[in-house]
Amino acid sequence: MIDDATRRAYDRDGVVKLAGAIPDATLNLISDGIEADRASPGRFFRDQTPDGSPARYLFSYWMWPDNPAIAEAAQTGVVPQLVAQLLQAERLTLLMDNWFLREAGAENGAPWHHDEPYFDFDGGRMCAVWIPLEASSADEGLTFIRGSHRDMGLLQPKNFKLDAPFVGVGPDYARAPDFDDPRFDDRRLAWDTTPGDCLVFDLRTVHGATAGRRPLDRTIRRLSLRYGDQDVRFRPRGPWTEETTQFLIEQGQAVDAPLDNPMTPQVWPQRAGGAA
């Protein structure tokens with residue numbers, strides 16, 4: 001399902017679009033799962049709407065233990081298979097499920113960032129599969145900085161609501177340059193997408209909401225599924241990840257060790273008819 005040209009593009013750019021890769025049955029599961037979580041939000045639901053905004057920007061993560069639809073979409077079928085082939089992973093672990101919703105009129109979206117500094121996962125190969133539930137133009141989706149997973153170190157993680165670095169981020173994380181600067185024009189990548197398409201990107205590839213703070217005309221839902229190969233380890237980042245750090249330790253995860261806890265299940269190789 002993943003050919004050598006696609007792997008080369010992913011390794012070079014840090015992101016690829018896989019057109020028509022997600023079947024309708026999986027999209028239906030994702031939609032059902034998001035709506036179930038919106039109706040009864042779990043522990044990791046977050047409202048990232050700034051004060052005074054006329055519409056909301058929301059997300060939630062680690063739903064799957066209490067959300068059978070998201071669990072099935074994330075752990076079985078085509079998505080883990082695609083990722084395992086793209087990363088050429090011997091084993092694949094589900095790191096996190098994470099839905100995003102920007103209501104029509106919302107005035108904020110994801111700032112320029114890359115994902116790795118937000119999570120206590122390090123080493124190996126890690127990626128996100130970004131799955132849109134509504135058709136959108138490149139202006140309504142994400143824009144990526146081509147090759148930034150290879151030539152930039154770790155950048156300061158930002159609070160999405162405030163668009164400012166978290167308190168307590170140390171010197172190991174560099175201040176991000178202005179990715180809106182014209183010097184990055186020839187490195188930007190963005191695509192039109194329709195339901196069934198997905199974008200797969202390295203957790204170090206810089207990206208942000210293309211529209212920035214410009215309000216959208218309609219509500220748009222997305223699911224990101226993050227995966228890692230057999231070499232990923234648990235290494236706490238700092239005070240900005242303290243809640244999830246302690247949560248995983250309470251689940252039995254050892255520090256500076258391979259992933260081994262109920263929240264990060266192995267999903268490849270798959271058993272017949274289900275997850276690993």
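The values are calculated or read from the model by the stated rules, or taken from the named source; none is laboratory data. Just so you know, these numbers come straight off a predicted model, no measurement behind them. Cβ coordinates were reconstructed from backbone atoms using ideal geometry, including for glycine residues, and neighbour counts include every protein chain displayed. To get the accessible areas, we keep the full protein, side chains included, count just its heavy atoms, and leave off ligands, DNA and RNA. Shrake-Rupley method; radii C 1.70, N 1.55, O 1.52, S 1.80 Å.
Ignoring the sites themselves, the chain has its longest run without trypsin sites (Lys or Arg not before Pro) in a DSSP loop having at most 12 other Cβ atoms within 10 Å at 44-174. Normalising the average separation of contacting C-alpha pairs (under 8 angstrom, six or more residues apart) by the number of residues puts the relative contact order of region 132-264 at 34 percent.
Which GluC sites (Glu not before Pro) in region 80-131 pass both tests, a DSSP loop state and at most 12 other beta-carbon atoms within 10 Å? Write out the running numbers ahead of the final one.
Values: sites: GLU90, GLU103, GLU107; in loops: GLU90, GLU103, GLU107.
Answer in residue order: GLU90.
Solvent exposure of region 24-120 amounts to 37 Å² per residue of accessible area, where only protein heavy atoms count and the probe is 1.4 Å. Remark: region 175-189, residue by residue, has Karplus-estimated 3J(HN,Hα) of 5, 6, x, 7, 6, 7, 4, x, 5, 9, 4, 7, 10, 7, 10 Hz, where x stands for each Gly or Pro and the curve is 6.51 cos²θ - 1.76 cosθ + 1.60 at θ = phi - 60°.
Here the accessible area is traced with a 1.4 Å probe on the protein chains. For the chain, carbon and sulfur cover 47 percent of it. Ligands, DNA and RNA are left out, and with a 1.4 angstrom probe the accessible area of region 167-276 is 50 Å² per residue.
Return the equivalent ellipsoid semi-axes of region 1-129 as a descending list in whole Å, where each equals the square root of 5 times an eigenvalue of the C-alpha gyration tensor.
Values: eigenvalues 146, 69, 45 Å².
So the equivalent ellipsoid measures 27, 19, 15 Å along its semi-axes.
In order along region 18-25, phi translates into HN-Hα couplings of 10, 6, x, 7, 9, x, 4, 4 Hz, rounded to whole numbers, per the Karplus curve 6.51 cos²θ - 1.76 cosθ + 1.60 with θ = phi - 60° and x for Gly and Pro.
Largest GNM mean-square fluctuation across SER40, SER53, SER31, computed for the chain with C-alpha springs under 10 Å, falls on SER40.
Roughly speaking, what % of Cα-Cα pairs in the chain are separated by over 36 Å, rounded to a whole number? In whole percent, the long-distance tail amounts to 7.
Once you reduce region 87-111 and region 115-178 to the center of their Cα atoms, the two points are 11 Å from each other.
Within the listed set GLY52, GLY170, GLY252, the Gaussian network model of the chain (springs between alpha-carbon atoms below 10 Å) gives the highest mean-square fluctuation for GLY52.
Along the axis of the charge dipole computed for region 192-271 (Cβ charges of +1 for Lys and Arg, -1 for Asp and Glu, origin at the Cα centre), the listed residues PRO215, ASN261, GLY196 are led at the positive end by PRO215.
I need the shape label for region 140-260. Rule: rounded when a/c is under 1.5, else prolate if a/b > b/c, else oblate, with a, b, c from the alpha carbon gyration tensor.
Numbers: a/c = 1.73, a/b = 1.48, b/c = 1.17.
Cα axes put region 140-260 in the prolate bin.
Remark: relative contact order (the chain) = 30 percent; criterion is Cα-Cα distance under 8 angstrom and separation of 6 or more residues.
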